[in-house]
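Since the structure comes first, as structure tokens, the remarks are kept for the end.
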Amino acid sequence: MNSNAVIAIHGGAGTILRTSMSASAEAEYHAALNAVLSAGQRVLADGGSALDAVSEAVRLLEDCALFNAGHGAVYTAAGTHELDAAIMDGRTLDAGAICCVKRVRNPILAARRVLERSDHVLFTGEGAEAFAAAQGLEFVDNSYFDTDARYRQWQLAREQQRPMLDHDAATLASTSPNNGDPMPHEPIDPNRKFGTVGAVALDRHGHLAAATSTGGVTNKQVGRVGDTPLIGAGCYADDATCAVSTTGSGEMFMRMVAAYDVAAQMAYRQISLEEAALDVVMNRLPKIDGRGGLVAVDVHGNVTLPFNTEGMYRGFARLGEAPVTAIYR
Ligand code: ASP
């Protein structure tokens with residue numbers, strides 16, 4: 001039995017400024033992250049697989065309105081929600097993903113079914129929903145994903161398409177009607193529009209897994225898909241190296257094949273998890289203006305949570321230890 005079992009999660013990266021968040025909002029985020037980590041920890045403590053731990057953690061993050069995945073997902077340019085998710089088992093390299101789904105309550109559960117019960121890796125749109133329906137997964141109306149906070153964020157994002165509006169989070173907070181109650185449910189800078197949830201874990205049997213789920217970016221064009229559901233870009237796991245879940249400007253993470261690059265650098269350059277992850281996040285991604293971060297774990301239980309933005313909702317929990325959560329740099 002591996003005594004280094006651990007789970008790490010993220011709830012999105014971006015311009016998360018202390019000044020634009022109230023103490024109560026901050027406490028809410030820490031509490032949510034703690035609850036999810038504790039649930040993941042329980043799965044691992046009971047001898048559950050890393051795959052079970054990351055599925056459960058991401059499912060809970062999807063159900064939490066604070067984060068941009070599942071309920072609380074951002075709006076597309078058409079005022080709808082389109083969700084993407086992926087999951088990978090480091091033990092077998094099996095993977096499953098779905099993208100552009102509108103009515104599957106928990107996209108990560110659909111991705112998991114793709115991993116377990118399909119010969120394919122990625123399903124999109126109607127086909128993904130038909131697959132999820134055939135698997136008996138729960139369906140909801142697209143409005144189930146609505147939240148007032150995301151709606152406001154969408155309105156701000158639409159305004160910003162006018163060239164004169166180029167606010168940062170603090171400016172937005174101070175000019176928004178929400179002033180005085182500094183965007184209590186605004187987990188990300190609407191200007192930067194990042195947010196996604198993810199989890200990586202090492203289980204007591206020594207296996208790794210990763211899972212990522214998102215509503216994408218605010219005001220995205222209908223049909224746009226980012227890095228999240230793409231194995232190797234937003235999600236990757238291989239027992240030989242590491243498990244990685246990313247968040248940030250998806251187009252850049254796709255171009256850098258960011259999650260896989262961490263694993264590949266470990267394999268080919270024989271460097272540590274920490275070094276590989278830092279190179280991707282602090283060196284390679286910034287070269288193409290890639291903003292965001294990732295959480296990663298290796299088979300020894302090393303954990304790293306680097307990001308190149310002002311903040312990233314994140315945390316990790318080892319067996320028998322209290323979860324550690326953080327928001328800012
Ligand atoms: N990477 C996600 C996407 O591009 C968004 C995010 O992580 O904030 O869809």
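The values are calculated or read from the model by the stated rules, or taken from the named source; none is laboratory data. All values derive from a computational prediction rather than experimental measurement. With ligands, DNA and RNA removed, areas are computed over all heavy atoms of the protein, side chains included. Shrake-Rupley method; radii C 1.70, N 1.55, O 1.52, S 1.80 Å.
Assorted remarks:
- Solvent exposure of the stretch 12-96 as accessible area per residue, Å², 1.4 Å probe: 30 Å²
- Altogether, the Stokes-Einstein calculation at 4 °C and 1.567 mPa s, with the Kirkwood radius of the chain over Cα pairs as Rh, returns a diffusion coefficient of 68 µm²/s.
- When you restrict to C-alpha pairs under 8 Å that are six or more residues apart and normalise by the size of the chain, the relative contact order lands at 28 percent.
- Taking the stretch 1-145 and dividing mean pair separation by its residue count, relative contact order in percent (alpha carbons under 8 Å, at least six apart): 17 percent
- The stretch between THR19 and VAL324 holds 107.6 nm of extra length on full extension. This uses 0.36 nm per residue minus the Cα-Cα distance.
- Share of carbon and sulfur in the accessible heavy-atom surface of the chain [1.4 Å probe, %]: 49 percent
- Whether the stretch 46-103 is rounded, prolate or oblate, judged on the alpha carbon gyration tensor where a/c under 1.5 counts as rounded: oblate
- Helix 23-45 axis, angle to the chain major axis (alpha carbon atoms, nearest 10°): 20 degrees
- Tilt relative to the chain, helix 50-63 - C-alpha long axis, 0 to 90 degrees, to 10: 10 degrees
- Heavy atoms of the protein chains alone define the surface here; on that basis the stretch 199-251 has 21 Å² accessible area per residue at 1.4 Å probe size.
- Working note: 222 nm ellipticity from helices only, DSSP H runs with n ≥ 4, each -39,500 (n - 2.57), summed and divided by the residues of the chain, gives -9500 deg cm²/dmol to the nearest 500.
- Once the chain from ALA45 to GLN270 is taken as fully extended at 0.36 nm per residue, the excess over their C-alpha distance is 77.9 nm.
- Crossing angle, helix 107-117 versus the chain [Cα axis fit, 0-90 degrees, rounded to tens]: 30 degrees
- Mean-position separation - Cα centroids, the stretch 96-126 and the stretch 231-249, in angstrom: 17 Å
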